[in-house]
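In what follows, a structure is listed as structure tokens, so that the remarks can point back to it.
We did not get these values from a lab; they are worked out from the coordinates using the rules stated. Worth saying up front: this structure is predicted, and the values here are computed from it rather than measured. Cβ: placed from backbone, ideal geometry, glycine included. Neighbour counts: every protein chain shown.
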Amino acid sequence: MFDSTTRTMVVVGAQWGDEGKGKLVDVLAERADWVVRYQGGANAGHTVHIGDRSFVLHQVPSGIMHPGVRCAIGNGVVLDPETLFIEIDKLVADGIDVEGRLYVSERAHLVMPYHKLLDKASAASKVIGTTGRGIGMAYEDKVARRGVRVLDLRYPTRLRELVAAGVERANAQLERGGAAERASVETTMQVLEALTPRLMAIAEDVGLCVHRAIKSGAAVLLEGAQGSLLDIDHGTYPFVTSSNTTVGGAATGVGISPMSIQSALGVVKAYTTRVGNGPLPTELDEPLHTEVRTLGNEYGATTGRPRRCGWFDGVVVRYAARVNGLTGLAVTKLDVLDTLPQLAICTGYRVNGELYTEFPADLQMLEQAVPVYEWFDGWRQPTQDARRLADLPSAARAYLDRIEALCETPISYVSVGTRRDQIIGVDARA
Ligand code: IMP
């Protein structure tokens, strides 16, 4: 929560994404002056429910739902201008006023149409199970120092050169992979030229704007996308996304000092999910797997893919707490577990008979990991109307207490439904 000492806060996913960051950012944005995205791109799908309406935001920060809040997309994001304006136009059609309060960093790299073609055609993307939004390919070009940045749109001749080189590389790769589709310089330029006036109208030095906001004492919320276990360095590599999703990425992805970040809220589901391939040590067996997926409506907000579901993994979240320096946890979707007779929390992994309580970097170990579980009685009562911890059944409180102790991080929020008001705040602790 923002107060007189905490003015800059990061909200970060502490599992494999889809933890409910959109809802938390929406709730916290009520007290924020700025909400800034710092990494990822249109691979994200942040859902915000307001009354009986729901909005899925892919690139626009979730703070946009609050009229007075300024929103920015930082340099660490790879920006897809085509889908950005589709998203903005939809928000405007739904009565959300975006004019004059949404900015994009002039340093942000653009996701080009050919990045998306490559991602969809790539065999490696299929192995990882990417979202197909061209995210990895855009970051590849960024790191190879041949990407197109927002500010390049100011210089049509140089832009055409960069695009021509990108299209040539993409077509060679598409041909080698046997893909039918090809990118075209003319079509790409037409797309970019059509979007340039709108994009340049909102292009800013976002790092400078946020720095000034922080200096003036404004409340700044940095909105993470995906989750810590999908971090390019700290996640389950290579089954990860292509950016630093963890708190360190917030400073570099906005262009502010890490020293200015005062708190980090880790958002976790009361259980675990993951979309795409890669290790998920606590993955459930059937028929419980389908039951939890159905109860939690676990289908991707961006791709509609069914999510894989598992028990709460304390090894994972404790690791995320360490890597991010989490100052609080927000446990979401507790109500999804309301009907289960028994619940488990993973406290360690057994690999070849040895017990591990720290999350391993080695994928081979993770694949062999047999979770060690602690079992809890289910509460078998609805929790959706709870607004204070004291309103929760004692079995639910015992479950949360164990999460808090295991992750060595205080629980600041518990979410018990999709709506804005279905949340228990720390100050309601009884
Ligand atoms: P990419 O980010 O599209 O390259 O996909 C890489 C991996 O990250 C895949 O396993 C995706 O399913 C996963 N991923 C990317 N974005 C999200 C997200 O917002 N939520 C959950 N998983 C995601």
**Report entry** Gain on full stretching of the segment that runs from residue 259 to residue 140 - 0.36 nm per residue minus C-alpha separation
**Finding:** 40.0 nm
Query raised in the report: What is the local net charge at residue 44, summed over the other residues whose Cβ is closer than 13 Å to its Cβ (Lys, Arg +1; Asp, Glu -1)?
Result: -2
Report summary line: Counting only DSSP beta bridges fully inside the chain, the antiparallel percentage to nearest 5 is 40 percent
**Report entry** FRET efficiency, 1/(1 + (r/R0)^6) with R0 25 Å, evaluated for residue 31 and residue 394 via beta carbons
**Finding:** 0.20
Requested in this report: For the stretch 108-154 and the stretch 413-427, compute the distance between their C-alpha centroids and round to whole Å.
Outcome: 36 Å
Query raised in the report: How far is it, in nm, from the label point at residue 290 to the one at residue 154 when both lie 7 Å from their Cα along the line to the Cβ?
Result: 5.8 nm
Report task. Would you mind checking 215/333; 23/126; 23/116; 120/215; 23/120; 142/333 for any pair whose Cα atoms are more than 32 angstrom apart? Result -> 215/333; 120/215; 142/333
Requested in this report: Taking all pairs of distinct Cα atoms, average 1/r, flip it, and tell me the Kirkwood hydrodynamic radius of the stretch 110-153 in Å to one decimal place.
Outcome: 10.6 Å
Query raised in the report: Gaussian network model of the chain, Cα springs within a sub-10 Å range: biggest mean-square fluctuation belongs to which of 296, 74, 328?
Result: 296
Query raised in the report: Bin by bin, in steps of 5 Å, what percent of the Cα pairs in the stretch 111-201 do you find, going until the bin that has the longest distance?
Result: 3, 14, 24, 26, 18, 9, 5, 1
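Can you tell me how much longer the chain between residue 218 and residue 180 gets when fully stretched, taken as 0.36 nm per residue apart minus their C-alpha distance, in nm with one decimal?
Using 0.36 nm per residue and subtracting the Cα-Cα distance, I get 8.6 nm.
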Query raised in the report: Between residue 233 and residue 126, what is the spin-label point distance in nm, taking each point 7 Å from the Cα along the Cα→C-beta axis?
Result: 3.3 nm
Requested in this report: Give the calculated FRET efficiency between residue 85 and residue 52 to the nearest 0.05, with a Förster radius of 25 Å applied to their Cβ-Cβ distance.
Outcome: 0.40
Report task. Determine the sum of side-chain charges near residue 345: Lys and Arg each +1, Asp and Glu each -1, restricted to other residues whose C-beta is under 9 angstrom from that of residue 345. Result -> -1
Report task. Distance between Cα centroids, the stretch 351-381 to the stretch 1-46: provide it in whole Å. Result -> 29 Å
Query raised in the report: With N residues in the chain, what two-decimal value do you get for its Cα radius of gyration over 2.2 N^0.38 Å?
Result: 0.97
**Report entry** Over the chain: helical MRE at 222 nm, DSSP H runs n ≥ 4 each giving -39500 (n - 2.57), nearest 500
**Finding:** -10000 deg cm²/dmol
Query raised in the report: If one takes the longest principal axis of the Cα atoms in the chain, at what angle in degrees, from 0 to 90 and to the nearest 10, does the Cα axis of helix 81-93 lie?
Result: 70 degrees
Query raised in the report: Once both axes come from the Cα atoms, what is the angle between helix 206-215 and the longest principal axis of the chain, in degrees from 0 to 90, rounded to 10?
Result: 50 degrees
**Report entry** Inter-site label distance for residue 198 and residue 99 at 7 Å from Cα along Cβ, in nm
**Finding:** 1.5 nm
Query raised in the report: Most mobile of 278, 100, 41 per a Gaussian network model of the chain (Cα springs, under 10 Å)?
Result: 100
Query raised in the report: So how tilted is helix 394-407 from the main axis of the chain? Cα-based, degrees 0 to 90, rounded to 10.
Result: 60 degrees
Report task. Mind checking the full-extension length gain between residue 208 and residue 405? Use 0.36 nm per residue of separation minus the Cα-Cα distance, one decimal, nm. Result -> 67.0 nm
